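Written below as structure tokens is the structure these notes are about.
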Ligand SMILES: Cc1ncc(COP(=O)(O)O)c(C=O)c1O
């Protein structure tokens, strides 16, 4: 049975922009220039401007972006090299670490925001740490200036900070867009992201010209120029002209779509109670990529919503540290408190429908169900 309220429906964004998107598809097709063309160049310029950075490298997807970003800061990676990250963010940074053959180190998270706990991050520091990946999860923003000031004056002050902005396009911290807060930052434009393509796409932004040159080489085989390999461990990861054209078209709508997502989350938050509480971010400039709540009796909640025909999801059901496929691979975690909050949270988190084209009557259906649950 089709859900009365879908978790997402990307066909609605297509329909809202149908004539322009079809025009882009047909123009690119007819041009015969499908890769590394003017639309990709234009997107690179538009998106770096949007983020407040000097450079943007469009790539194939957000996981490649993380892998290439890590390779640009860890030269000749070894298993003993470590990268601090979190275990509750879907495993993308861990995937990138293992692609390089380096060891992920997991910091715990804050219970209220589900974002990295900065005290735990500091406890994870060691001379072997080569990079820190900060995920702005669910559209919330991590206080990177605080991380910087905690590192400054220590032996760790120059560890590169990579922002993973795949769930936070357009969010700001202290009026600076995410992407401009760290040393470099990665984005995914997977179709359901706040800025989504009609297929896979990603990007890396930075304001460091030397780093940008390295990134440019790494995304195409390590080429310094065509067929001339300048550095090792390059790969092929390129955004195509169709995706770039689509993203150029949708970028000007991003801020208004983010507002719509926040409005939906605000509606749901009215039903916060002892039974259910939606995450909130004291910083006003988050972007509500997902509407995530913590519920105590999640199994009962899931079957209650199923009966109501409301599609929901769990982001994420398994911590990176508990993934079977990574069981035998090297890892480390905060050795003082472990991952207590992360472990407790994955049993409670649940994501409710939240996308800009959710209809008013669908939002009402979710609110009615939340109201009913509130009094259970
Ligand atoms: C936080 C985060 N990082 C990285 C990725 C990876 O992006 P992609 O699916 O484009 O590889 C995603 C999305 O799927 C994500 O949510």
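For the reader, a short list of remarks on this structure follows.
- Take the Cα of residue 296, go 7 Å toward its beta carbon, and the backbone nitrogen atoms of segment 342-376 under 18 Å from that spot belong to 344-350, 370-376.
- Virtual paramagnetic centre 7 Å along Cα→Cβ of residue 314, amide N under 14 Å, in segment 82-100: 90
- Sorted fewest first by neighbouring Cβ atoms within 10 angstrom, 305, 352, 239, 198 come out as 198, 305, 352, 239.
- Among beta bridges that DSSP assigns inside segment 10-252, antiparallel share in %, nearest 5: 55
- Ranked list, fewest to most other Cβ atoms within 10 Å of each Cβ, for 367, 56: 367, 56
- Value of D in µm² per second that Stokes-Einstein yields for the chain, Kirkwood Rh from Cα pairs, at 4 °C (1.567 mPa s): 61
- Distance between modelled label sites at residue 228 and residue 41, nm, 7 Å Cα→Cβ extension: 2.0
- Note on segment 26-178: semi-axes of the ellipsoid equivalent to its C-alpha gyration tensor, largest first and rounded to whole Å, are 30, 19, 14.
- The eigenvalues of the Cα gyration tensor, multiplied by 5 and square-rooted, give segment 79-151 an equivalent ellipsoid with semi-axes of 19, 15, 9 Å from largest to smallest.
- Sorting the segments 329-335, 141-147 by their residues' average number of neighbouring beta-carbon atoms within 10 angstrom, most packed first, yields 141-147, 329-335.
- Dividing the summed helix terms, -39500 (n - 2.57) for each DSSP H run of n ≥ 4, by the number of residues in the chain produces a 222 nm estimate of -11000 deg cm²/dmol to the nearest 500.
- Overall dimensions of segment 292-367 as given by Cα atoms, namely Rg and Dmax in Å: 16.2, 49
- For segment 257-321 versus segment 182-235, the spacing of their alpha-carbon centroids is 32 Å.
- Ascending count of other beta-carbon atoms within 10 Å, so fewest first, for 373, 223, 33: 33, 223, 373
All of the numbers you see were taken from the coordinates with simple rules; none came from a lab. Please read these numbers as outputs of a predicted model, since none were measured by experiment. Positions of Cβ are generated from backbone atoms using ideal geometry, with glycine treated the same way; all protein chains shown enter the neighbour counts.
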